[in-house]
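What follows is a single structure, written as structure tokens, with notes after it.
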Amino acid sequence: METLTLTELARRMGRRWVTLLAGAGAGLALGLATHIVLPTRYEAVAVLRIDGPDPARIDMAAEEALASSRRVTAEARDALGEPGLSIRELEDAVSATTVKESRVLQVSYAADDPRRAARAADAVANAYLAVRAVDARRLGGRAASTAEVIDPARTPTAPLGPGRPTSALGGLALGLLLAAPVSARPTARTRAGRAS
């Protein structure tokens, strides 16, 4: 196995600067193409508070499950009034999570348009409240807990995932990383010099 000093490695890579430049260019192009090809998604979040006479008895896991259930998404789809939107698409775009050790529920919706994401997150939060109200009426109007929206969804200003500069920089780094071993290989001249 060949051992190289840093000076020799730098010399070899310097002789093949075109290889490094080509790798950097290809990586940069790949990073930008990935950013363009992958769909841009925006996520909006509506925040709800669940309260009751005995907070210790509130099952936040059950509240999460209800907020992302088919009953709620069906109600939200009707409220959104988008005929082309299926319940399955809504279920895939919605998530409900509890803020750690609290009775705060976050309902998130991811879409390709920021205004649509905010509108849909609010629709899901309101549908969740409507389904809870129906369940309370079935129990004789006495719900074990109450829920309210404390922060409606705001229109997101930035997409999920890396932006264009981050994608370009990541592609550039990957291109250089792949081109470096190629440019560090010994040339015919260095092999001949070693043999003599």
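No value in this document is a laboratory result; all are computed from the given coordinates. Small disclaimer: the values here were computed from a predicted structure and weren't measured. No Cβ is skipped: glycine too gets one built from the backbone with ideal geometry, and neighbour counts run over all protein chains shown.
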Compare the peptides 80-91, 51-62 by average per-residue count of other Cβ atoms within 10 angstrom and give them in order, highest first.
-> 80-91, 51-62
Most to least packed among 103-109, 14-20, 133-139 [average Cβ atoms within 10 Å] | 103-109, 14-20, 133-139
Rounded to two decimals, the Rg over Rh value of the stretch 1-102 from Cα coordinates and the Kirkwood Rh reads 1.37
Would you mind counting up the charge near Arg88? Only other residues with Cβ under 11 Å from its Cβ, with Lys and Arg at +1 and Asp and Glu at -1.
-> -1
Alpha carbon convex hull of the stretch 46-123, volume per residue in cubic angstrom = 90
Based on Cβ point charges of +1 for Lys and Arg and -1 for Asp and Glu, what charge dipole magnitude is obtained for the stretch 103-161 about its Cα centre, in debye rounded to the nearest 20?
-> 260
